[in-house]
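Here's the structure, in structure tokens; my notes come after.
The values are calculated or read from the model by the stated rules, or taken from the named source; none is laboratory data. All of these numbers come straight from a predicted model, not from anything done at the bench. Backbone-built Cβ (ideal geometry, glycine too); neighbour counts: all protein chains shown. Quick note on the areas: whole protein, heavy atoms, side chains included, nothing else; ligands and nucleic acids left out. Shrake-Rupley method; radii C 1.70, N 1.55, O 1.52, S 1.80 Å.
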Amino acid sequence: MKKLIAVVALLLTLPGLRAQEGSLTEPAVFFGFEPGSDRNLFTYEQLIEYMKVLDEGSECIKLEQIGSSPMGKPMYIVFISGEHNIRDLASLQNINRELALNPDLEQEELDGMIRNGKVFVLATLSMHSSEVGPSQSAPLIAYDLATTADTKKLEWLNNVVYMMVPCHNPDGMDMVVDYYRKNVGSKYEGASLPRVYHKYVGHDNNRDFVTLSQEDTRAIARIYNQTWFPQVMVEKHQMGSTGTRYFVPPNHDPIAENVPAGIFHWGGVFGQHMATDMTSDGLAGVSQHYIFDDYWPGSTETCIWKNVIGFLTEAASAQKATPVYVEPGELSVGGKGLSEYKKSVNMLMPWKGGWWRLGDIVTYEVSSTMSVIRTASLYREDILAFRNRMCREQVALGKHTAPYYYILPVAQHDQGELVNLVNLMKEHGTEVYELTSEIVLEGRVYHQGDVVIPLAQPFRPFIIEVMEAQEFPERHYTPGGKLIKPYDIASWSLPLHRCVSSQEINTRSTALEKHLKAIEGMYDLKEPGEKLSHAMVLPVAANASFRAAFQALEKGMNVQRLKGEVKLGDKTYPKGSFIIYQGTGKKAWNEVLEGLPFEPGMITDRRAFPADPVTLPRIALVETYFHDMDAGWTRFLFDSYHIPFTVLHPDQFAGSDLAGDYDVIIFPDNDKDILMTGKRKSGDSYYLGNYHPDYVKGMGKEGLAKLLSFSDAGGIILAWGRSARLFEGVLKIKHAGSEEEFQLPFRDISADLSKAGLYVPGSLVRVKLTQEHPLTLGMPESIGVFTRGRPVFRTSVPIFDMDRRVIGSYPEKDILISGYAAGEEKLGNRAAMIWMKKGKGQFVLYGFDPQFRASTQGTFKLLFNALLLDRVN
């Protein structure tokens, strides 16, 4: 009787809580099929249209635009809760902000916020667009929560605001769905999309939450950085078809040492409830402590460094909406957490095999989502109190525990990258300041205008994580045994990757704190007022100077590069710096000026400087059909820097006039066998993926011959990573009536070094650069480059019409800067970047990614300079 009275009392306090079940259009009626049914997928536009129907028909749902995708599609968040919570979203949002950011709440005020606040659970769905299940489950979840009469669910939604981003990647969703629909019913049903499922970066959109380079990434990150400050976040993914059916936290080692222990504890609470609830629902194959570590930031879970209880789930995949049958003997696991596909503490009820459908994925998604909401409701007060406790603890640590500040001198090798770093940190929700007077600290003099990031901030773990050099936490499967390798990369330090000088301060200074001024709005180093001048000079050391030069060329302006050093006032502009003339295009001039982050040098008279004209080369960028993310990142970089290019697929080489159409051909990191044959190779055997045969093509011998003829005619070839192997060994150039064999004077020795113990899982290492070379204009003598330990070059004395120069080499010792490198001494004195010539052709090979995920600004100029190389006469 008491239970009945309690339920009635709850319902009486929530007038009009639910739309009647018959008053809202059911998903199956709206879409014409049940979401999750075999061979049926809806598009992003259909998904959002249905969410709008629910928004209009239910007082328990609110749809709000949060930004746009890279291809211009509007992105939305759906709030689902009790009607009274939806009405009070603004006041609840303020409670979230105070709990997240205010360490000085009085106890009475804090108690009131905990009493009146709700747990906001953010769920981001299907950022990887081939992982269709989460977004396809969204209408079922939303409809169920909007119409339920289940008293338990009503109680959950009294305590929780569920924030669903129904699709994290709208552009990719439509690409994948449209391509699946095109092939459904044919023999190639379920084939992989022959491109990245994003405008640029594909799967790497889940690697962008430190750099925030993509529009969709920024839209999602704003939710927990600046606007809604949810207490819980879950991102929904899929994995392979033949392992466990579902992954829930806790994750496996290694974990991020800067993240407070409580964040991981709470992730484990949510994971254990999911495992219990899903198993209770009869869902087999739920795993924990398996495969996925929690070490590197860059995914949506970067929020855990900002005191959000964040985690991911992973469902086994079908072939999009096409069922797969998995034989019991095909089920396998391996590596972190599970070595055998058997009942174990990390998988208590194994799935036995059989048919696996999109409908199964949807069922698992619905079950896991309800469990997360239930858990958030169950621990509402504890979670809200925990959020403010994290805020208070981190601020207190910043006042009493080193480090206390990071100071970035305003005088930098590349001032533009200082500006970009400051604005990025502000976008991440951190407070950034300027010094208002000179101060001496730890034996160094810091000047007015230097940038200071104090550590007494709620997001202290994030600040430390991205400002310090990374030191990988070595963990082993057994004492002294095999290393537990990182899931992704091992270095992401913003200052180090950008070649920005930063000092970690381990002494607290009240004097410094009295001379700080908060940086409000967008930060730059420009002086106000109109710039009246004949021409501007831009320093070659700044990436922004290259962007301005390329932008000016795009607008038809006269651009030149200095042939020697020039002094303007108290500033010296070295060789390679750019002169941009105003001409008659004042609008174009002002647009270029507006895009600069710093003050350019101004030439007010008509004097001439020793300089060469700059022209844009005709660039071909090679991109394969096989989810070529590195090529996609290169496209993004070029678009961002106003560099025109043409995408060229390997199978187009044979039929193209390469020498007639292009000056530079660029090969981003890719497998040599894919470039040549369109197939992957393991040992001596090739194997096919699940691509339509129209796309399983490489350049072949004829295409390679065309490429070498392009070089022979004076073309320039740039290649990095695995693509460099394309130019190793004996090559042939066809001349009229004859054929010439030659071998470029280099060899990739990275395989030998790996066998000898070299292991670099994506880290920043030191490289010494040859100075006074066209490729290193604007570069310091020593830099950090991002590498996975391949390729590593050995050059040889050239013969005939060939030549070579080592542009960058690893020092003998102290090679690792940030990350992890086992056997780093194997790299000592080896070549990291080389230039070669064969006849009129030039080759520039990089043993590192000069533009890795748009996050290695310190090496961008090594690529830009190569684009502007003079041709050999």
**Message:** Tally up the residues in region 680-714 that are modelled with pLDDT under 95 and under 27 Å from the mean Cα position of the chain (by Cα), please.
**Reply:** 3
**Prompt:** Considering only residues of region 110-134 that are outside any helix (DSSP H, G or I) and open to solvent by 20 Å² or more (accessible area, probe 1.4 Å), which is nearest to ARG387 (Cα to Cα)?
**Reply:** LYS118
**Message:** Of all residues being surrounded by 11 or more Cβ atoms within 10 Å (Cβ to Cβ) and either among the charged types (D, E, K, R) or closer than 23 Å to ALA402 by Cα (or both) in region 520-541, which is modelled with the highest pLDDT? Just the residue, please.
**Reply:** ASP524
**Prompt:** Scanning for something at positive phi and in contact (Cβ under 8 Å) with a residue 60 or more places away in the chain, does region 579-588 turn up at least one residue?
**Reply:** no
**Item:** Test: residue in region 421-431 that is more than 30 Å from HIS273 (Cα to Cα), assigned to a loop (DSSP other than H, G, I, E, B) and touching a Ser or Thr at 6+ places or on another chain (Cβ under 6 Å)
**Value:** no
**Item:** Tabulated pairs, region 86-107, first touching a residue at least 24 places away in the same chain (Cβ under 8 Å), second part of a helix (DSSP H, G or I) and of a type in the set (Gly, Ala, Ser), C-beta under 8 angstrom, 6+ apart or interchain
**Value:** PRO103/ALA396
**Asked** Looking at (1) part of a loop (DSSP other than H, G, I, E, B); (2) out of contact with any strand residue (DSSP E or B) (no Cβ under 8 Å at 6 or more places or on another chain); (3) open to solvent by 30 Å² or more (accessible area, probe 1.4 Å), can you tell me which one HIS273 breaks?
**Response** (1)
**Flag for GLU594 being within 19 Å of GLU417 (Cα to Cα), open to solvent by 70 Å² or more (accessible area, probe 1.4 Å) and free of Cβ contacts under 8 Å to residues at least 24 places away in the same chain** = yes
**Asked** Does region 462-476 include one or more residues that are in contact (Cβ under 8 Å) with a residue 24 or more places away in the chain, farther than 23 Å from GLN226 by Cβ, touching a Pro at 6+ places or on another chain (Cβ under 7 Å) and in a strand (DSSP E or B)?
**Response** no
**Asked** Which one is surrounded by the fewest Cβ atoms within 10 Å (Cβ to Cβ), of the residues in region 135-175 that are over 21 Å from the mean Cα position of the chain (by Cα) and among the acidic types (Asp, Glu)?
**Response** ASP150
**Request:** Scan region 725-756 for residues that are in contact with a helix residue (DSSP H, G or I) (Cβ under 9 Å, 6 or more places away or on another chain), closer than 22 Å to LYS485 by Cβ and open to solvent by less than 40 Å² (accessible area, probe 1.4 Å) and report the count.
**Result:** 1
**Item:** Residue tally, condition of a type in the set (A, V, I, L, M, F, W, C) and either surrounded by fewer than 17 Cβ atoms within 10 Å (Cβ to Cβ) or under 22 Å from the mean Cα position of the chain (by Cα) (or both), over region 640-653
**Value:** 2
**Asked** Of the residues in region 707-724, how many are within 15 Å of PHE800 (Cβ to Cβ) and buried (at least 23 other Cβ atoms within 10 Å of the Cβ)?
**Response** 1
**Item:** Subset of region 46-83 [open to solvent by 20 Å² or more (accessible area, probe 1.4 Å) and either among the acidic types (Asp, Glu) or in a helix (DSSP H, G or I) (or both)]
**Value:** GLN46, GLU49, LYS52, VAL53, ASP55, GLU56, GLY57, GLU59, GLU64, GLU83
**Message:** Condition (residue is buried (at least 24 other Cβ atoms within 10 Å of the Cβ) and in a loop (DSSP other than H, G, I, E, B)) applied to region 252-263: is it met by at least one residue?
**Reply:** no
**Asked** Which of (1) over 27 Å from the mean Cα position of the chain (by Cα); (2) closer than 30 Å to ALA719 by Cβ; (3) in a loop (DSSP other than H, G, I, E, B) does TYR625 not meet, given it meets every other one?
**Response** (1)
**Request:** Tell me, please, whether a residue that is farther than 30 Å from VAL540 by Cβ, touching a helix residue (DSSP H, G or I) at 6+ places or on another chain (Cβ under 7 Å) and either assigned to a helix (DSSP H, G or I) or open to solvent by 20 Å² or more (accessible area, probe 1.4 Å) (or both) can be found in region 757-767.
**Result:** yes
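One line per residue, one yes/no per condition, for (1) open to solvent by 30 Å² or more (accessible area, probe 1.4 Å); (2) touching a residue at least 60 places away in the same chain (Cβ under 8 Å); (3) of a type in the set (Phe, Trp, Tyr):
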{"position": "GLN394", "(1), (2), (3)": "no, yes, no"}
{"position": "TYR406", "(1), (2), (3)": "no, yes, yes"}
{"position": "ARG444", "(1), (2), (3)": "yes, no, no"}
{"position": "PRO454", "(1), (2), (3)": "no, yes, no"}
{"position": "GLY481", "(1), (2), (3)": "no, no, no"}
**All positions within region 826-838 that are open to solvent by less than 20 Å² (accessible area, probe 1.4 Å) and in contact (Cβ under 8 Å) with a residue 24 or more places away in the chain** = LEU827, ALA831, ALA832, MET833, ILE834, MET836, LYS838
**Some residue of region 604-612 being part of a helix (DSSP H, G or I), open to solvent by 10 Å² or more (accessible area, probe 1.4 Å), hydroxyl-bearing (Ser, Thr, Tyr) and under 29 Å from PRO539 (Cβ atoms)** = no
**Item:** Residue that is out of contact with any helix residue (DSSP H, G or I) (no Cβ under 8 Å at 6 or more places or on another chain) and among the β-branched types (Val, Ile, Thr), where the choices are THR770, THR776, THR856, THR787
**Value:** THR787
**Asked** Given the structure, is THR859 open to solvent by 30 Å² or more (accessible area, probe 1.4 Å) and on the phi < 0 side of the Ramachandran plot?
**Response** no
